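The structure under discussion appears below in the form of structure tokens.
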Amino acid sequence: MSETLSWPSILTSLLESSPLSVAEATWAMEQVMRGEATPAQLAALLIALRAKGETVDEVVGFRDAVLEHAVSLDVDSMALDIVGTGGDRFGTVNISSTASIIAAAAGTPVIKHGNRAASSSSGSSDVFAALGVDLTLSPERVAEVFRRTNIAFVFAAMFHPGFRNAVAVRRELGVPTVFNYLGPLCNPARPEASAVGVAQLDRVPLVVGVFQSRGATALVFRGDDGLDELTTTGHSHIWEVSRGSVLEHDLDPRELDLPRASIDQLLGRNAEYNANVVRAVLGGQRGPIRDIVLLNAAAGLIAYDLAREPDLVRTAILDRFRGALERAAEAVDSGAATAKLEEWARETRRVV
């Protein structure tokens, strides 16, 4: 393949608004993962793709190349990842990170995939580190932590060494690129269930399409306010992916007895500030941040339940959310969520 493909041919196709095949996309990302693409070539690829608009085949090809170069992780794939694409520019607290801890405390195996902040002040790894979780574990230790605690964090910087070849270019560009959508699709644990928030509406079909191509189970969602989360400021749209089919839902949090919030009530700051917010929410503090965290934890529980029992898709989505919200709230109010965080952090720091 490398004998017939080249950067001029790839970039010419994109500049002519011609989509890349899966094979072409795989080749291009292989060059990036190996460190053989220059910064100029990578920047041209990312901006040309953004201007043209990525296709499902292109993202599938990129995902295949990234996973091929990922460090393998030996864990049970019947697990959940709750993650957002980022790029919504709001700077909220770490909603999906907090929701992940609650989901694990509610009994769902969680393998969260994340990285340092690319376009915000505090990414998932930043806040977990501030919460005392050691992120510098070997793959064997990550797997052991998961087996012992029911939760693990797959630090993209360690499990995807090829990603470092794109860090500088992504930061210098300063705009969301295909890498924002690759993260949620490239968890090396390949979990069976995903709850994925997507900030850009026009990118939703890509994420949904890739999950469909894998035959995976996912709840993909976007707040009508542009959050890459299920929002409490208004309605959210949900795409429920199961066994290659997609159902669409509109969700009004008021139908779940969750009051409307404003974006200003959900904003975060740096990692230390956000970590204190996480501790407060897990400790039972009520308010708008608790509401939105519980809602997103519920989405994760629903996705995991659906992966285990696909026929649940026949049950009304509101009924499933009501049940999942109760489970998430119980995990917090019983003290299980705080205990889960403490257990997880302690286990990651255990000397072996």
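The values are calculated or read from the model by the stated rules, or taken from the named source; none is laboratory data. Just so we're clear, the structure is a prediction, and the values are computed from it rather than from any experiment. Here the Cβ positions follow ideal geometry from the backbone for every residue, glycine too, while neighbour counts run over all protein chains shown.
Would you mind finding the one in LEU219, LEU201, LEU247 that is in contact with a Gly (Cβ under 9 Å, 6 or more places away or on another chain), in the same structural domain as SER100 (by TED's automatic domain parsing), over 28 Å from ARG147 (Cα atoms) and hydrophobic (A, V, I, L, M, F, W, C)?
Numbers: LEU219 fails: over 28 Å from ARG147 (Cα atoms); LEU247 fails: in contact with a Gly (Cβ under 9 Å, 6 or more places away or on another chain).
Of LEU219, LEU201, LEU247, the one residue that is in contact with a Gly (Cβ under 9 Å, 6 or more places away or on another chain), in the same structural domain as SER100 (by TED's automatic domain parsing), over 28 Å from ARG147 (Cα atoms) and hydrophobic (A, V, I, L, M, F, W, C) is LEU201.
Given the conditions (1) within 21 Å of ASP252 (Cα to Cα); (2) buried (at least 22 other Cβ atoms within 10 Å of the Cβ), report the number of the one that GLY323 does not fulfil.
Of (1) within 21 Å of ASP252 (Cα to Cα); (2) buried (at least 22 other Cβ atoms within 10 Å of the Cβ), only one is false for GLY323: (2).
Per-residue answers, yes or no, for (1) more than 27 Å from ARG50 (Cα to Cα); (2) free of Cβ contacts under 8 Å to residues at least 24 places away in the same chain; (3) of a type in the set (Lys, Arg); (4) outside the structural domain of THR38 (by TED's automatic domain parsing):
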site: ARG147; (1), (2), (3), (4): yes, no, yes, yes
site: PHE153; (1), (2), (3), (4): yes, no, no, yes
site: ASN165; (1), (2), (3), (4): no, no, no, yes
site: ARG170; (1), (2), (3), (4): no, no, yes, yes
site: LEU173; (1), (2), (3), (4): no, no, no, yes
site: PRO176; (1), (2), (3), (4): no, no, no, yes
site: ASN180; (1), (2), (3), (4): no, no, no, yes
site: PRO191; (1), (2), (3), (4): yes, no, no, yes
site: ALA195; (1), (2), (3), (4): no, no, no, yes
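Please determine, by comparing only the residues of segment 258-273 that are among the hydrophobic types (A, V, I, L, M, F, W, C) and either in contact with a helix residue (DSSP H, G or I) (Cβ under 6 Å, 6 or more places away or on another chain) or part of a helix (DSSP H, G or I) (or both), which one is farthest from THR232 (Cα to Cα).
ALA271
Sort through ASP250, ASP228, ASP264 and tell me the only one that's touching a strand residue (DSSP E or B) at 6+ places or on another chain (Cβ under 7 Å) and exposed (fewer than 14 other Cβ atoms within 10 Å of the Cβ).
None of the other options fit; the residue is ASP250.
Regarding segment 74-89, can at least one residue be identified that is within 15 Å of PHE155 (Cβ to Cβ) and β-branched (Val, Ile, Thr)?
Within segment 74-89 (the criterion being within 15 Å of PHE155 (Cβ to Cβ) and β-branched (Val, Ile, Thr)), the answer is yes, since at least one residue qualifies.
When segment 159-195 is examined, which residues are found to be under 15 Å from LEU73 (Cβ atoms) and assigned to a helix (DSSP H, G or I)?
PHE159, PRO161
Could you check how many residues of segment 140-158 are assigned to a helix (DSSP H, G or I), in contact with a helix residue (DSSP H, G or I) (Cβ under 7 Å, 6 or more places away or on another chain) and more than 21 Å from THR338 (Cβ to Cβ)?
Total satisfying the criteria: 2.
Please go through (1) touching a residue at least 40 places away in the same chain (Cβ under 8 Å); (2) of a type in the set (A, V, I, L, M); (3) within 21 Å of PHE146 (Cβ to Cβ) for VAL351 and return the number of the only condition it doesn't satisfy.
With respect to (1) touching a residue at least 40 places away in the same chain (Cβ under 8 Å); (2) of a type in the set (A, V, I, L, M); (3) within 21 Å of PHE146 (Cβ to Cβ), VAL351 is out only on (1).
Scan segment 161-178 and tell me whether some residue there is modelled with pLDDT of 90 or more and farther than 24 Å from MET33 by Cβ.
no
Kindly provide the set of residues from segment 71-108 that are closer than 20 Å to ILE302 by Cβ and touching a Phe, Trp or Tyr at 6+ places or on another chain (Cβ under 7 Å), ordered by number.
LEU80, THR85, SER97, THR108
Tell me, yes or no, whether segment 100-114 has at least one residue that is at pLDDT below 95 and either of a type outside the set (A, V, I, L, M, F, W, C) or part of a loop (DSSP other than H, G, I, E, B) (or both).
yes
Which of (1) more than 17 Å from ALA328 (Cβ to Cβ); (2) surrounded by fewer than 18 Cβ atoms within 10 Å (Cβ to Cβ) does ARG286 not meet, given it meets every other one?
Checking ARG286 against (1) more than 17 Å from ALA328 (Cβ to Cβ); (2) surrounded by fewer than 18 Cβ atoms within 10 Å (Cβ to Cβ), the one that fails is (1).
Can you go through ASN296, ASN270, ASN274 and tell me which one is modelled with pLDDT under 95, under 22 Å from LYS112 (Cβ atoms) and within 20 Å of the chain's Cα centre (by Cα)?
Result: ASN270 is the single residue among ASN296, ASN270, ASN274 that is modelled with pLDDT under 95, under 22 Å from LYS112 (Cβ atoms) and within 20 Å of the chain's Cα centre (by Cα).
Considering only segment 61-77, I want to know if a residue exists there that is touching a residue at least 40 places away in the same chain (Cβ under 8 Å), touching a strand residue (DSSP E or B) at 6+ places or on another chain (Cβ under 7 Å) and closer than 25 Å to ALA307 by Cα.
yes
Would you be able to say whether some residue in segment 124-137 is touching a Gly at 6+ places or on another chain (Cβ under 6 Å), among the hydroxyl-bearing types (Ser, Thr, Tyr) and either surrounded by 18 or more Cβ atoms within 10 Å (Cβ to Cβ) or free of Cβ contacts under 8 Å to residues at least 12 places away in the same chain (or both)?
yes
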